[in-house]
1. Which percent of the accessible area of region 74-260 is formed by carbon and sulfur heavy atoms (probe 1.4 angstrom)?
2. Please list, by residue number, every one of the trypsin sites (Lys or Arg not before Pro) in region 168-265 that is coil in DSSP and has at most 16 other beta-carbon atoms within 10 Å.
3. Calculate what fraction, in whole %, of the accessible area of region 3-63 sits on carbon and sulfur atoms when a 1.4 Å probe is rolled over the protein chains.
4. Run through the DSSP bridge list for the chain and note the antiparallel percent, rounded to the nearest 5.
5. Would you count, across the chain, every pair of lysines whose alpha carbons are under 23 angstrom apart, provided the pair is eight or more residues apart or spans two chains?
6. Compute the separation of the alpha-carbon centres of region 20-66 and region 182-196 and state it in Å as a whole number.
7. Pop a pseudo-label 7 angstrom from the Cα along the beta-carbon direction at both Glu5 and Leu196 and give the gap in nm to one decimal.
8. State the Kirkwood hydrodynamic radius of region 74-260 in Å, one decimal place, computed from all pairs of distinct Cα atoms.
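The values are calculated or read from the model by the stated rules, or taken from the named source; none is laboratory data. Since this is a predicted model, take the numbers as computed values, not measurements. A quick note on method: Cβ atoms are made from the backbone with ideal geometry, for glycine too, and the neighbour counts reach across all protein chains shown. Accessible surface is based on the protein model in full, side chains and every heavy atom, while ligands, DNA and RNA are left aside. Shrake-Rupley method; radii C 1.70, N 1.55, O 1.52, S 1.80 Å.
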Amino acid sequence: MEYKEFLKATLPHLGLRWRRFKGKSIRKRIIGRMQELDLQSWTQYGSHLLENEKEQHYLTSILTVTISRFWRNAQLFEDLEKIWLPRVLGRLSAGEPLQIWSSGCASGEEPYSLLILWQESFANSGHDLCLLASDVDMRCLQRALRGRYPASSFREMPKHIREKYCTNEGGTFCVPGGFPKQIVWFEHNLISAPPLTGNHIIFCRNLAYTYFTDSLQEKITARFHRALLPGGLLIVGRKDHLPQGSEDLFRSLEHPVYEKISNDA
Ligand SMILES: C[S@@+](CC[C@H](N)C(=O)[O-])C[C@H]1O[C@@H](n2cnc3c(N)ncnc32)[C@H](O)[C@@H]1O
């Protein structure tokens, strides 16, 4: 069996689009793993993988990228401030908290960006923010709790905002000490576990609609629909799109923002 056949035969079982992983560097990573396990061929590793759930999780974790950054897609953050958050807040009843879920939050860059945006522009909105952040990878969540990042993580964030909120400790930038406690962090696998409900906004950027197979994307889109409150927003990555057939569940407002279509509308 060759590498391409291995990908085709195994990755769809893991819910992953095999074509994304054809590159040489990923091939090298998998060969490294086979050597660790003392397996000599793609066929042997393929069988081991299909019989072993732990290995499936391990392979998924070495395949999917965990890189993120603050203010990723800076235009979206501008639009969140000017359009999307005012729109959602305008629909809340007095004193109702706003619930936002950052799924696949990597090392916390996205939820911390949202927290900073909130403090900058919405702290006096009369609503509390309930910010949830999850990732399948515990190491990412541990890094998020440490809240320490290299300068490169801030390249899209306006410098004056970084300087206002983060302290520079010899080239490593730290979020304020109280920030981690203002976010509810949890380990969550989007493929196998149902989402938390009651969200006004769900972020799922550069994950499900980047890596997962069409059929898994359809399943997850339906789950996001149920996990959002009426009028809730689903926000995906700049290059992500919802799968065909999602038109009954979400209407595209302005890419990458989708609005839930309520069943009773
Ligand atoms: C490329 S990062 C995207 C981070 C952030 N959403 C962004 O757009 O910058 C993808 C993240 O998804 C996480 N991930 C991969 N598979 C996952 C799964 N099945 N469930 C939840 N998170 C997953 C990875 O650990 C990684 O942190």
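1. Details: 4220 of 8480 Å².
Accessible surface attributable to carbon and sulfur in region 74-260 totals 50 percent.
2. Numbers: sites: Lys181, Arg205, Lys219, Arg223, Arg226, Arg238, Lys239, Arg251, Lys260; in loops: Arg205, Arg238, Lys239.
Sites meeting the loop and neighbour criteria: Arg238, Lys239.
3. On the way: 1770 of 3780 Å².
So the carbon and sulfur contribution to the accessible surface is 47 percent.
4. Values: 14 of 33 bridges.
About 40 percent, rounded to the nearest 5.
5. So the count of such lysine pairs works out to 22.
6. 25
7. It is 4.6 nm.
8. Working: mean 1/r = 0.0588 Å⁻¹.
With all distinct Cα pairs of region 74-260 included, I get 17.0 Å.
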